[in-house]
1. Hey, Gly64 hits all of (1) surrounded by 15 or more Cβ atoms within 10 Å (Cβ to Cβ); (2) small (Gly, Ala, Ser); (3) more than 60 Å from the chain's Cα centre (by Cα); (4) modelled with pLDDT of 85 or more but one; which does it fall short on?
2. Mind listing just one residue for me: the one in region 380-418 that is near the ligand (Cβ under 10 Å from one of its atoms) and basic (Lys, Arg) and, of those, nearest to His441 (Cα to Cα)?
3. Go through (1) under 29 Å from Pro466 (Cα atoms); (2) surrounded by 15 or more Cβ atoms within 10 Å (Cβ to Cβ) one by one and return the number of the condition Arg326 breaks.
4. Out of Leu144, Leu87, I need the residue that is modelled with pLDDT under 90, over 16 Å from Val39 (Cα atoms) and part of a strand (DSSP E or B). Which one?
5. Given the structure, is Ala370 modelled with pLDDT of 95 or more, out of contact with any helix residue (DSSP H, G or I) (no Cβ under 8 Å at 6 or more places or on another chain), of a type in the set (A, V, I, L, M) and within 12 Å of the ligand (Cβ to nearest atom)?
6. When Asp439 is evaluated against the numbered criteria (1) modelled with pLDDT under 95; (2) near the ligand (Cβ under 7 Å from one of its atoms), which criterion, by number, is the only one it fails?
7. Would you mind finding the one in Asp329, Asp300, Asp337 that is of a type outside the set (A, V, I, L, M, F, W, C) and either within 16 Å of the ligand (Cβ to nearest atom) or touching a Cys at 6+ places or on another chain (Cβ under 9 Å) (or both)?
Amino acid sequence: MNIRGKLSVTFILLLIFGVTAVSSYSILFIRAFLLDEGVRQMQDDGRWMIQTIQYLPGGTQFPGRLDQVGQAIRYHLVIYDETGMQLKASPAEPPGMYTGMLPDSLIRELTATENEVIMVNEKETDFIYAFAHLPRSVNEAHYLQISQAKDEIFKPIATIRWIIYTGMFISIGLIVIVSTLFARYLSRPIVTLNKAARRIAEGDVNYKINLRRKDEFGALSDSLNQMASRLREDNAQLQQINEKQRLFLADIAHEVRNPLHTIMGSLEMLEMNELNPDKRKKYLANAASHADRLSRLFSDLMTLQRYSSDENFIREKVFDLSGITRKMDEWYREEADNKGVDLSVDKQSLFVEADPGKIEQVLENLISNALKFTAEGHVHLRYEEEKDNVVVKVTDTGTGIPHQHLPRLFDRFYRMDKARSRDRGGTGLGLAIVKSILDAHGREVHVESREGHGSEFSFRLKKAPPPPA
Ligand code: ADP
């Protein structure tokens, strides 16, 4: 049975039980009340009868007068003489047990009273009796009995019972209708929420619950809506990650395939016996250079992988930036001179708070790119204070980058000119590594470039006071 059915049945049973109990109790209560009232009324009437009967004229008139009284009242009337013997009854044959002779015990009890009415109301008998002593009687009557059938007293009960039962059945009808409607009202949010939870569990995260209620059900529906929206966002994010992962794998496969083909081609050539020593040297160098590129590719990939899986890969400390820039000058001086490019590097002492090893890698990538894409002119590495920061800039007068490439420049394997960049030994991961390192420092990398004029890559580091000597 569903929740709506259960609630309906519970309400109906509870209310029917309540109504039936109240009705039955009312009938019992009314019966007892009517009986008490009947007894009290008989007692009052008995007192009145004492006064009436004992002053009736005696002799021959007495039976006729007694009949008149008997007809005027709604009780059975019996008169006894002083010995307790029945003298007359009105109507002639009164029902019940006290006919003929009064019991001695009752006579004794009655003679001890004056103007008092003794009531006899036994549970198992169908009548109520009232007895009285007539000590001042001016006629032959000495004791008086009036009686009444209990059924007479209970007569109104039939009507009352009919009224109560009719009311009860009407109530039960109303209860069934109201309980069903109320159960439906109460269970509607549960049914709605249950349906929604099932839909969401089945993956329908776009499902929205419209339950405008301010109670706990309303709060639950808000929570479910929030949960669905969170799932929706997570789903979208997962799809994006999946897509990125897929593209990333495709890129890696692509990047690996080319050098592998070249190496295999070179090896095949080297297998030929009639190859002259110069050519042999050339194929060996070719294979070695591509193997080297493969090795750099995997090393860059490993670096990126480590950075993205370890949130704490940055270990910041205070250091002098000039320590790193001097190294750059040393490492790249020869390459710049060979190309005829003017390499100029700032070397003034300035302290920053960052991970020195990682910043070294950032500068290495930026300067090697600048030299790679600059045929003439200069490559500058400059840094200066700017409020709480130190701005570091690598500028060149190289090929420049068309503005349409700028938004995706820091994506993995993004190259403007894939073939030429590979020829220059690039893995397509250098700027992605730069970005991931600066991201981890909470810093941004900016690029400004004009095609044919050169580029400027810049970022800020947190300035730090020089450590005590
Ligand atoms: P790569 O290994 O190909 O150099 P990067 O991620 O370092 O990979 O650079 C991505 C691309 O950005 C390069 O292929 C090049 O097209 C462009 N690029 C990077 N730096 C410069 C620069 N200083 N001048 C011109 N183009 C650049």
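1. Tallying (1) surrounded by 15 or more Cβ atoms within 10 Å (Cβ to Cβ); (2) small (Gly, Ala, Ser); (3) more than 60 Å from the chain's Cα centre (by Cα); (4) modelled with pLDDT of 85 or more, Gly64 fails exactly one: (1).
2. Only one residue fits best here, namely Arg412.
3. (2)
4. Sole residue among the options that is modelled with pLDDT under 90, over 16 Å from Val39 (Cα atoms) and part of a strand (DSSP E or B): Leu87.
5. yes
6. (2)
7. Numbers: Asp329 fails: either within 16 Å of the ligand (Cβ to nearest atom) or touching a Cys at 6+ places or on another chain (Cβ under 9 Å) (or both); Asp337 fails: either within 16 Å of the ligand (Cβ to nearest atom) or touching a Cys at 6+ places or on another chain (Cβ under 9 Å) (or both).
From the options Asp329, Asp300, Asp337, the qualifying one is Asp300.
Conditions tested, residue by residue: (1) at pLDDT below 95; (2) of a type outside the set (A, V, I, L, M, F, W, C); (3) surrounded by fewer than 17 Cβ atoms within 10 Å (Cβ to Cβ); (4) within 23 Å of Ser436 (Cβ to Cβ).
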residue: Ala336; (1), (2), (3), (4): no, no, no, no
residue: Ser349; (1), (2), (3), (4): no, yes, yes, no
residue: Glu353; (1), (2), (3), (4): no, yes, yes, yes
residue: Ile359; (1), (2), (3), (4): no, no, no, yes
residue: Leu366; (1), (2), (3), (4): no, no, no, yes
residue: Val391; (1), (2), (3), (4): no, no, yes, yes
residue: Thr397; (1), (2), (3), (4): no, yes, no, no
residue: Phe413; (1), (2), (3), (4): yes, no, no, yes
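The values are calculated or read from the model by the stated rules, or taken from the named source; none is laboratory data. Small disclaimer: the values here were computed from a predicted structure and weren't measured. FYI the Cβ positions are ideal-geometry reconstructions off the backbone, even for glycines, and counts take in every protein chain you see.
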